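J.: One structure follows; several queries about it will come next.
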Amino acid sequence: MLTSLHIEGNSLLHRLPVRVKLIALVASSIVLFLSASLPLQAIAFVIAAGLYLSVGLPPKEALKRVGFVFLTIFFLAAVNLFLLPIIEVATLTLRLMALVLLAAAITATTTISAFMDEITILLTPLERLGWLSAADVSLALGLVLRFVPDIFARYEAIREAHRARGLPVRPLTIIGPLIILTLKDADTIAAAIDARGFRRH
Amino acid sequence: MNTRDLVLIALFAAIVVVLGLIPPITLGFIPVPITAQSMGVMLAGCILGAKRGALAFLLFLLLVAIGLPVLSGGRGGLAVFAGPSGGFILGWVVATFVTGLIAQRTVREGQAETRQFIGFFLASVIGGIVVLYAIGMPWVSAVTGTPLLTVATGSLAFIPGDLLKAAIATLAARAVYAGYPLLPARA
C-alpha cells in the first residue's frame, strides 16, 4: 500500500549522497528565485528535465508524478498571461517547473533509509537541546507505516458494515468510528512499547 | 513527551494517510471534489489539541518529504513542496496548531452540546480555513507571481467546500469527544 517513490538505478543522482542533493535543491531554489533572468531559468529547466529523465522512470510514471503539480503551474500561468508581461510569465513558469522536476528527481533517487539517516543528523542539534529525540521520530515513523494497513482494513470493515445495513457510505458516519476505534488502541500500543523498553532515555 | 502521546501522534498521522486513500466525493453544488484528507487539519486540531495535532501533521509532512505517496491521489515527494501549493501543505502544521488552540479554549466537558459544536466549528473555520489561506495564498502569489488579489478571488471557489468540511469535521470531532475525549483541558 505504501510503496516508496524511490526507483532503483545507477544514475548520477543515485550515486550522489542525499545531503549533496538536498543542499543542491535548496541552493538552486534560492538562486532561481533571486534571479529574474529568463535564460538562466531556461537552462535550469533543461538541466532539471535532463536529470529527471535520466533517473530511469518509465515515461508514463514520470509524467504522472509531476502531472498534478504541472497542471496547477500551467493553470496559474494561463491566469498570469492576462496580468503580467509574457517574458515574466515564462520566467516564473520555467523556474517552478525546474524546481519541481529537480525535487521529483531527488525523491526518485533517494531511499527512505537514506532520508532517515540524514534527518537523524539534522535532528542532532534539537536533541542536544533536549527538545526531542531522534529515536522517537524514527519510532513514530515506524508506527505510522505499521498501522496504515490496519487502519485501512478498519475503514473497509466500517464501510462493509454500512453496506450490510443499507446505509449510504458518507465521510461523516465513517470518520467518527474510524478515529475512535483507532485511537482507543493507543494505550495498549503505548504499554507494549514501554514494556519492551524501547524508549529508555 | 510520554509514550501515549507519541503513539497518539503516530496513529493520527496514519489516519490522515488513510483519509487520503478514501475516494473523494463530488457534490453537485461545489466545483471542487472534496477529499477526506483535507479535513485532517481540522480533525487533528479538534481531537488531539494544538501540540499533538501539529506534531501529527509534522510527522505526516515528513512522510511526504521522504518520498512516500501519502497525499490524496497518491502524490508525494519533495516536488509537492516546490509546486505552487507548497504553502498550503506546509501551512497545515500551523493551521492544525491554531485549530487545536481554539478548540482547547472553547470546548470543555460538561458544556451543553451546542456550545461544543460552536467551539469546534469556530476552531475549524479559523484554523483550518482562515489561517491556512493566510499562509497558502501569499505563497502561491510569491512563487507564481500572480497578484494576491487574483489568487484570493480564485480561492473563493474553494470556500463553500471548506465550510462543508468544517461542518463535517465539527460533527466528527464532537462524536469523538463524546466517545473518547482526548482534547487537553483549557491550557
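J.: Considering only the range B:104-123, I want to know if a residue exists there that is within 14 Å of chain A (Cβ to nearest Cβ) and among the β-branched types (Val, Ile, Thr).
T.: No.
J.: Restricting to helices (runs of 4 or more DSSP H) lying wholly in the range B:1-87: which have 3 or more residues that are among the small types (Gly, Ala, Ser)?
T.: Values: elements: B:3-21, B:40-48, B:50-65, B:79-82.
Per the criteria, B:3-21, B:40-48, B:50-65.
J.: I need the full set of residues from the range A:41-91 which are farther than 20 Å from A:Ser11 by Cα and among the polar types (S, T, N, Q), in order please.
T.: To start, the set of residues in the range A:41-91 that are farther than 20 Å from A:Ser11 by Cα comprises A:41-43, A:64, A:67-91.
Result: A:Gln41, A:Thr72, A:Asn80, A:Thr91.
J.: Further question on the same structure: A:Ser133 passes all but one of (1) under 27 Å from the mean Cα position of the chain (by Cα); (2) hydroxyl-bearing (Ser, Thr, Tyr); (3) within 10 Å of chain B (Cβ to nearest Cβ); (4) exposed (fewer than 12 other Cβ atoms within 10 Å of the Cβ); which number fails?
T.: A:Ser133 satisfies every listed condition except (4).
J.: When you look at A:Ala140, is it touching a Lys or Arg at 6+ places or on another chain (Cβ under 6 Å) and part of a helix (DSSP H, G or I), yes or no?
T.: Numbers: touching a Lys or Arg at 6+ places or on another chain (Cβ under 6 Å): no; part of a helix (DSSP H, G or I): yes.
The answer is no for A:Ala140.
J.: Additional query: How many of the residues in the range A:103-127 are of a type in the set (Ser, Thr, Tyr) and either out of contact with any helix residue (DSSP H, G or I) (no Cβ under 9 Å at 6 or more places or on another chain) or loosely packed, with under 15 Cβ neighbours inside 10 Å (or both)?
T.: Step one: of the range A:103-127, the residues of a type in the set (Ser, Thr, Tyr) are A:107, A:109-111, A:113, A:120, A:124.
Now narrow it down to the ones that are either out of contact with any helix residue (DSSP H, G or I) (no Cβ under 9 Å at 6 or more places or on another chain) or loosely packed, with under 15 Cβ neighbours inside 10 Å (or both): A:113, A:120, A:124.
Adding up the residues that qualify gives 3.
J.: Right, next: Do you know which residues across the range A:74-102 are surrounded by fewer than 20 Cβ atoms within 10 Å (Cβ to Cβ) and part of a helix (DSSP H, G or I)?
T.: The first filter runs over the range A:74-102 and keeps only residues surrounded by fewer than 20 Cβ atoms within 10 Å (Cβ to Cβ), leaving A:74-75, A:78-79, A:81-88, A:90.
The answer is A:Phe74, A:Phe75, A:Ala78, A:Val79, A:Leu81, A:Ile86, A:Ile87, A:Glu88, A:Ala90.
J.: In addition: Report whether or not B:Val94 is within 30 Å of A:Ile73 (Cα to Cα), of a type in the set (A, V, I, L, M) and over 18 Å from the mean Cα position of the chain (by Cα). Let's see the steps before the verdict.
T.: On the way: within 30 Å of A:Ile73 (Cα to Cα): yes; of a type in the set (A, V, I, L, M): yes; over 18 Å from the mean Cα position of the chain (by Cα): no.
Against the criterion (within 30 Å of A:Ile73 (Cα to Cα), of a type in the set (A, V, I, L, M) and over 18 Å from the mean Cα position of the chain (by Cα)), B:Val94 does not qualify.
J.: What number goes with the only condition from (1) at pLDDT 95 or above; (2) over 30 Å from A:Ser35 (Cα atoms) that B:Pro160 does not pass?
T.: Only one criterion in (1) at pLDDT 95 or above; (2) over 30 Å from A:Ser35 (Cα atoms) is unmet by B:Pro160, namely (1).
J.: Still on this model: Considering each of A:Asp185, A:Asp150, A:Asp194, A:Asp136 in turn, give the residue that is charged (D, E, K, R) and in contact with a Phe, Trp or Tyr (Cβ under 9 Å, 6 or more places away or on another chain). Lay out the reasoning, then the answer.
T.: On the way: A:Asp150 fails: in contact with a Phe, Trp or Tyr (Cβ under 9 Å, 6 or more places away or on another chain); A:Asp194 fails: in contact with a Phe, Trp or Tyr (Cβ under 9 Å, 6 or more places away or on another chain); A:Asp136 fails: in contact with a Phe, Trp or Tyr (Cβ under 9 Å, 6 or more places away or on another chain).
Only one candidate qualifies: A:Asp185.
J.: Going through the range A:1-43 one residue at a time, which ones are within 12 Å of chain B (Cβ to nearest Cβ), assigned to a helix (DSSP H, G or I) and not polar (S, T, N, Q)?
T.: If the condition is that a residue be within 12 Å of chain B (Cβ to nearest Cβ), assigned to a helix (DSSP H, G or I) and not polar (S, T, N, Q), then A:Val18, A:Lys21, A:Leu22, A:Ala24, A:Leu25, A:Val26, A:Leu32, A:Phe33 are the ones that fit.
Every residue, every condition in (1) out of contact with any Ser or Thr (no Cβ under 9 Å at 6 or more places or on another chain); (2) of a type in the set (Gly, Ala, Ser); (3) more than 7 Å from chain A (Cβ to nearest Cβ); (4) surrounded by fewer than 24 Cβ atoms within 10 Å (Cβ to Cβ), yes or no:
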residue: B:Ala13; (1), (2), (3), (4): yes, yes, no, no
residue: B:Val16; (1), (2), (3), (4): yes, no, yes, no
residue: B:Pro24; (1), (2), (3), (4): no, no, yes, yes
residue: B:Gly40; (1), (2), (3), (4): no, yes, yes, no
residue: B:Phe57; (1), (2), (3), (4): no, no, yes, no
residue: B:Gly67; (1), (2), (3), (4): no, yes, no, no
residue: B:Ser72; (1), (2), (3), (4): no, yes, yes, yes
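J.: Sticking with this structure for a sec: Could you list, in sequence order, the residues of the range B:125-180 that are of a type in the set (Phe, Trp, Tyr), farther than 30 Å from A:Ala90 by Cβ and either crowded, with 22+ Cβ neighbours inside 10 Å or touching an Asp or Glu at 6+ places or on another chain (Cβ under 9 Å) (or both)?
T.: The answer is B:Tyr177, and nothing else.
J.: Under 6 Å between Cβ atoms, at least 6 apart or on separate chains: pull out the pairs that start in the range A:68-83 with a residue that is assigned by TED's automatic domain parsing to the domain that holds A:Ala104 and end on any residue that is surrounded by 16 or more Cβ atoms within 10 Å (Cβ to Cβ) and in a helix (DSSP H, G or I).
T.: So the pair list comes out as A:Val69/A:Val100; A:Val69/B:Ala79; A:Ile73/A:Leu96; A:Leu76/B:Thr144; A:Ala77/A:Val89; A:Ala77/A:Thr93; A:Asn80/A:Val89; A:Leu81/A:Val89.
J.: Without any contact (Cβ under 8 Å) to a residue 12 or more places away in the chain and touching a Pro at 6+ places or on another chain (Cβ under 7 Å): does that describe B:Leu156? I'd like the intermediate steps shown before the answer.
T.: Working: without any contact (Cβ under 8 Å) to a residue 12 or more places away in the chain: yes; touching a Pro at 6+ places or on another chain (Cβ under 7 Å): no.
The answer is no for B:Leu156.
J.: Report every pair of residues separated by at least 6 positions or lying on different chains whose Cβ atoms are under 8 Å apart, first residue within the range A:160-188 and in contact (Cβ under 8 Å) with a residue 12 or more places away in the chain and surrounded by 11 or more Cβ atoms within 10 Å (Cβ to Cβ), second of a type in the set (Lys, Arg) and part of a helix (DSSP H, G or I).
T.: A:Ile174/A:Arg159; A:Leu178/A:Arg154; A:Leu181/A:Arg154; A:Thr182/A:Arg154
J.: Kindly indicate whether B:Ile118 is touching a Leu at 6+ places or on another chain (Cβ under 6 Å) and either assigned to a helix (DSSP H, G or I) or of a type in the set (A, V, I, L, M) (or both).
T.: Numbers: touching a Leu at 6+ places or on another chain (Cβ under 6 Å): no; either assigned to a helix (DSSP H, G or I) or of a type in the set (A, V, I, L, M) (or both): yes.
Considered against the rule, which asks whether it is touching a Leu at 6+ places or on another chain (Cβ under 6 Å) and either assigned to a helix (DSSP H, G or I) or of a type in the set (A, V, I, L, M) (or both), B:Ile118 comes out as no.
J.: Just wondering, is there one or more residues in the range A:90-110 that are over 30 Å from B:Thr146 (Cβ atoms), facing another protein chain (nearest Cβ under 8 Å) and at pLDDT 90 or above?
T.: Keep residues of the range A:90-110 that are over 30 Å from B:Thr146 (Cβ atoms), which gives A:109-110.
Then keep just the ones that are facing another protein chain (nearest Cβ under 8 Å); that gives A:110.
Now drop any that are not at pLDDT 90 or above, which leaves A:110.
There is at least one residue in the range A:90-110 that is over 30 Å from B:Thr146 (Cβ atoms), facing another protein chain (nearest Cβ under 8 Å) and at pLDDT 90 or above.
The values are calculated or read from the model by the stated rules, or taken from the named source; none is laboratory data. All of these numbers come straight from a predicted model, not from anything done at the bench. Glycine gets a Cβ as well: all are built from the backbone with ideal geometry, and neighbour counts include every protein chain shown.
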